[in-house]
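Report on one structure; see the data block that follows.
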Number of protein chains: 2
Amino acid sequence: MGTVVACSTPFGSSGIAVVRITGNQSHKITSLLIKKPTRINKHNSPSLFSLIDVDGVVYDQAVVNFLFAPNTYTGEDLVEINLHGNPVIIEKTIALCCSYGATTAPGGEFTKRAYLNGKMDMSQAESVASLISSKSILGAKLSYKNLNGSLLENILNIKNKIILVIGQIEFNLDISEENLQPNLISNSLKTINSCVNTLSSAIEGFNAVNVLTAGATVVLAGPTNAGKSTLFNALLKKDRAIVSEVEGTTRDVLENTINIDGVPCVLKDTAGIRKTKDVIEKIGVRKSNEEILSADLVLYLGAPGSVLSSENDNVIYVHNKKDLGWDGKEYDISISALTGENLPKLKKLILKRVSSGFSDLGFIITSQRQLSCLVSTEKQLVTAKNSLLSSSGLELAVEDLNAALFCLDEITNKTTKDDVLNTVFSSFCVGK
Amino acid sequence: MGTVVACSTPFGSSGIAVVRITGNQSHKITSLLIKKPTRINKHNSPSLFSLIDVDGVVYDQAVVNFLFAPNTYTGEDLVEINLHGNPVIIEKTIALCCSYGATTAPGGEFTKRAYLNGKMDMSQAESVASLISSKSILGAKLSYKNLNGSLLENILNIKNKIILVIGQIEFNLDISEENLQPNLISNSLKTINSCVNTLSSAIEGFNAVNVLTAGATVVLAGPTNAGKSTLFNALLKKDRAIVSEVEGTTRDVLENTINIDGVPCVLKDTAGIRKTKDVIEKIGVRKSNEEILSADLVLYLGAPGSVLSSENDNVIYVHNKKDLGWDGKEYDISISALTGENLPKLKKLILKRVSSGFSDLGFIITSQRQLSCLVSTEKQLVTAKNSLLSSSGLELAVEDLNAALFCLDEITNKTTKDDVLNTVFSSFCVGK
């Protein structure tokens, strides 16, 4: 693996920016950036250096920390450069590193190398991603648990149980298939059932965990001028969307996250749905319909059964403008975005509809990939159960159980295929 | 001064975020965040710790660096926490610090404390700001020079010259005002003139330096549908602005920076100027006019002398849509934003109009405050010259020269008034 460089902090002006370089050339390349590269052979000893351009002129001073393999995040030689947070300085530093032999790191490259160098397993690498992207502190806590090895432990428990069952069956097969140990089948079934139950809980819990980490998408929809943007601002408690009395004011989909009792809701304000000849507004309306389709919940500010032609059926029909004294009997809730009346009630209703009552089961999964591994495992275990119940199915059952083990192993696998590798790490931000 | 906390990296999702805490309670407060706060009494030794919420549950693991006064940026005890770059984790950490006794730091607080604790003078503090905000690497290099003491040295040279003149005059006044040393007046005038010349060059150079650090603002203006957004995208070489054939597509002022031969130009696309009844478009047109007024240069895509009613006279009249075969004789330049014809020529013209041929004079100033200090100094020196030339003006001249010294001192002053202090540091980003 070559030496790569990336900025690990968001792009923009700030006090500090962190550029990281990993690979066996990282120390050499960094020393070329430094005016007087002395004292650079000490592990984890951040020092102030002047950074120089190719013309030898200093363009920034930075705190540089040289780290030596294997005691680094990636397991390779690594350098952290704390620059002044100026985009041109960041770009200059990365460009210089590249001219000295580094290449720019794609998203997730640092964690991918940590995985490839045995610093963490695949499930832990995914936990890093969900720790960074988690939209609630509870989601971060759950992610940290898995990063700390909780998922690994849970997987190991199930693996041990399955291996035990396989061992007992094979022992019997070795002696005599006709004189089975008493209770072999029933004990095996019991153990497998307990595994299946554990897996089912984790699988069922995934959606709840996902709401805590990714947030629930709540889309505000409805005809033009129904007060969607006013409600959006009222829920956010700030003026994010431009509100005007002109129909069709909102063209782009606006997005912001609110936190209802610790559950992050990604609130999206959409263009009002109406027939329009305005080319740009038409694009807006099409986008609105797409958002409605993919939402976890739709707040529809219009009469139930009226215009909403979408296939999404998790809808709260909101009767807005209660202050104008309208009747809203057929609606799910009647509010006034303007005066704030019944907004707390609406929030409670949103919470009820998006969170299916999460409780920490101890066995937490945080990625779609982990979910499908568990689903496959469960499927193999159910097949194993059927094999055990059928006549002369012991050998088949062992095969099924081995297949289940294989699926489980994929969660933490150290020999994952390239395409899985790329899928997992491509979702990371650059610089991690 | 109390203990303050801030995130020193831009807000957003990223690999790393850096939260910094400074003040005499910073170590104690941080130790409350850490699960097992051991090994925290070693200066500059970054270590991995688990961060805990008030309920004792770990929500992130972070590299924490404890730094001891006075060997820190601020001169106070300071802690740098390298978190995972997740906004909810950043907010949680800052909230916990505040609940343990810290307050959030306003912009520039860290550098302000560095200044107040004698770690840098006022001109160096300003250099930090211009290093962070500089829009070109050449601007960063100039800022670094001043941070490294270059401005300080230049000021000192002038101060020494003035002090010398004062000394010589006072020596003469002490002996006898009637028997003046030969050449006292002419030598004094010579020295003062050399100081005035140096200051004048620095003052004249300010605009050129300012273009390198702040960038030149180039506004695209003109009637609707003149191809402003097409030119904007062509200059940026990407699709930033939505282009459509519908008049008035651009409502907000779009902004992006391009670099022409090292000179950063902040390019602004504006709404087309036309009479409109559309409420929202009207706001756009008003904004356009404001932008035109404050621009360093206007690219006007319309006939010379036609609609542009603004008072800004640095205008390039651009004849666009050359591809349509129009005649553009009365224009400054004829281009085609669509085909790219003559775009390099336009860039050269822009460069010529915005940069007044910067050459590094050695005496660089980077802030408006520094500029006005130099202007006042120059004014006092000119007054001193006049006093010297008038009869019996020696005592007056000494007064003027002392006033000049006072103005010069303000650039680096260690006893600056509160209001100056606040003006300087309020322009900083939070966390620096």
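The values are calculated or read from the model by the stated rules, or taken from the named source; none is laboratory data. From a predicted model like this one, the values you see are computed outputs, not experimental measurements. Cβ sites come from the backbone with ideal geometry, for glycine too, and all protein chains shown count toward neighbours. Remember, those area values only see protein heavy atoms, side chains included, never the ligands or the DNA or RNA. Shrake-Rupley method; radii C 1.70, N 1.55, O 1.52, S 1.80 Å.
For residue A:314, place a label point 7 Å out from Cα along the Cα→Cβ vector, do the same in each other copy, and report the separations in nm, one decimal, smallest first.
5.5
Quick one: with label points 7 Å out along Cα→Cβ, list the inter-copy distances for residue B:193 in nm, shortest first?
Result, one decimal in nm: 10.8.
Springs between alpha-carbon pairs under 10 angstrom, Gaussian network model over chain B: which of B:12, B:302, B:215 fluctuates most?
B:12
Amide H to amide H under 5 Å from residue A:104: which residues, 5+ apart in sequence or cross-chain, H placed 1.01 Å off N in plane?
For residue A:104, whose amide H was placed from the backbone, the distant partners under 5 Å are A:5.
Past the 24 Å Cα-Cα mark, which pairs from A:36/B:159; A:112/B:92; B:287/B:432; A:141/B:112; B:42/B:119?
Pairs exceeding 24 Å: A:36/B:159; A:112/B:92; B:287/B:432; A:141/B:112.
Name the residue from B:292, B:368, B:29 whose Cα lies farthest towards the positive end of the charge dipole of chain B, charges +1 on Cβ of Lys and Arg and -1 on Cβ of Asp and Glu.
B:29
Listed highest first by mean packing, meaning other Cβ atoms within 10 Å per residue, what order do A:342-354, A:33-45, A:366-378 come in? Could the numbers behind the result be given before it?
Details: A:342-354: 16.7, A:33-45: 14.2, A:366-378: 20.5.
Per-residue mean Cβ counts within 10 Å order the peptides as A:366-378, A:342-354, A:33-45.
Looking at chain B as a GNM with Cα springs under 10 Å, which of B:340, B:139, B:227 has the largest mean-square fluctuation?
B:340
With an 8 Å Cα cut-off and a minimum separation of 6 or more residues, compute the relative contact order for chain B in percent. Kindly include the intermediate steps, with their values, before the conclusion.
Details: 773 pairs, mean separation 73.6, N = 432.
Computed over chain B, the figure is 17 percent.
Of B:32, A:293, B:405, which has the most accessible area and how do the rest follow, probe 1.4 Å?
Accessible-area ranking of B:32, A:293, B:405, largest first: A:293, B:32, B:405.
Please get the size of the charge dipole for the protein assembly as shown, origin at its Cα centre, with Cβ charges of +1 on Lys and Arg and -1 on Asp and Glu, quoted in debye to the nearest 20. Please report the intermediate quantities before stating the final value.
Working: 84 positive and 88 negative charges, 2 e Å.
Dipole magnitude for the protein assembly as shown comes out near 0 debye.
Quick one: putting +1 on the C-beta of Lys and Arg, -1 on the C-beta of Asp and Glu, what dipole do you get for region B:46-169 around its Cα centre, in Debye to the nearest 20?
Values: 9 positive and 11 negative charges, 164 e Å.
Around 780 debye, computed over region B:46-169.
Just give the residues from region A:6-44 buried by at least 20 square angstrom of accessible area in the all-chains context relative to the isolated chain, probe 1.4 Å, and say none if nothing qualifies.
In region A:6-44, residues shielded by partner chains: A:8, A:9, A:10, A:13, A:14, A:15, A:16, A:18, A:44.
Among A:399, A:255, what's the order by accessible area (1.4 angstrom probe), most exposed first? The partial results should precede the final answer.
Working: A:399 120, A:255 95 Å².
Of A:399, A:255, the descending order of accessible area is A:399, A:255.
Using the charge dipole of region A:136-192 (Lys, Arg: +1 at Cβ; Asp, Glu: -1 at Cβ; taken about the Cα centre), state which of A:139, A:150, A:166 has its Cα farthest towards the positive end.
A:139
Under a 10 Å cutoff between Cα atoms, tell me which one of B:174, B:55, B:332 has the largest fluctuation in the Gaussian network model of chain B.
So, out of B:174, B:55, B:332, the one fluctuating most is B:55.
Name the shape class, rounded, prolate or oblate, that the alpha-carbon gyration tensor gives for chain A, where a ≥ b ≥ c are the square roots of its eigenvalues, rounded holds for a/c under 1.5, and otherwise prolate holds if a/b is larger than b/c and oblate otherwise. It would help to have the intermediate numbers written out before the result.
Values: a/c = 2.70, a/b = 1.04, b/c = 2.58.
The shape class here is oblate.
Would you tell me the accessible area of residue B:317, worked out with a 1.4 angstrom probe on the heavy atoms of the protein chains, in Å² to the nearest 10?
For residue B:317, solvent-accessible area is about 50 Å².
How many angstrom separate the Cα center of region A:81-153 from the Cα center of region B:1-64?
Cα centres, region A:81-153 to region B:1-64: 19 Å.
Using only protein heavy atoms and a 1.4 Å probe, report how much of residue B:395 is accessible, in Å² to the nearest 10.
110 Å²
What number, rounded to the nearest 500 deg cm²/dmol, is the helix-based mean residue ellipticity at 222 nm of the protein assembly as shown, given -39500 (n - 2.57) per DSSP H run of at least four residues and division by all its residues?
Working: 26 runs with 392 residues, N = 864.
Taking each H run of at least 4 residues, the total per residue is -15000 deg cm²/dmol.
How many nanometers, to one decimal and shortest first, lie between the label point of residue A:54 and those of its other copies, if labels sit 7 Å from Cα toward Cβ?
List, nearest first: 5.6 nm.
If you put +1 on each Lys and Arg Cβ and -1 on each Asp and Glu Cβ, how big is the dipole of region A:97-172 around its Cα centre, in Debye rounded to 20?
Taking the Cα centre of region A:97-172 as origin, the dipole is about 200 debye.
Can you tell which of B:8, B:384, B:407 lies farthest toward the positive end of the dipole of chain B, using +1 and -1 charges on the Cβ of basic and acidic side chains (Lys, Arg; Asp, Glu)?
Positive-most Cα among the choices belongs to B:8.
At R0 = 25 Å, how high is the FRET efficiency between residue A:24 and residue A:422 if r is their beta carbon distance? Nearest 0.05 is fine. The partial results should precede the final answer.
Numbers: r = 23 Å, r/R0 = 0.91.
Result of the calculation: an efficiency of 0.65.
Just grab the label-to-label distance for residue A:255 and residue B:173, each label 7 Å out from Cα along the Cβ direction, in nm (one decimal).
Distance between the two pseudo-spin positions: 7.1 nm.
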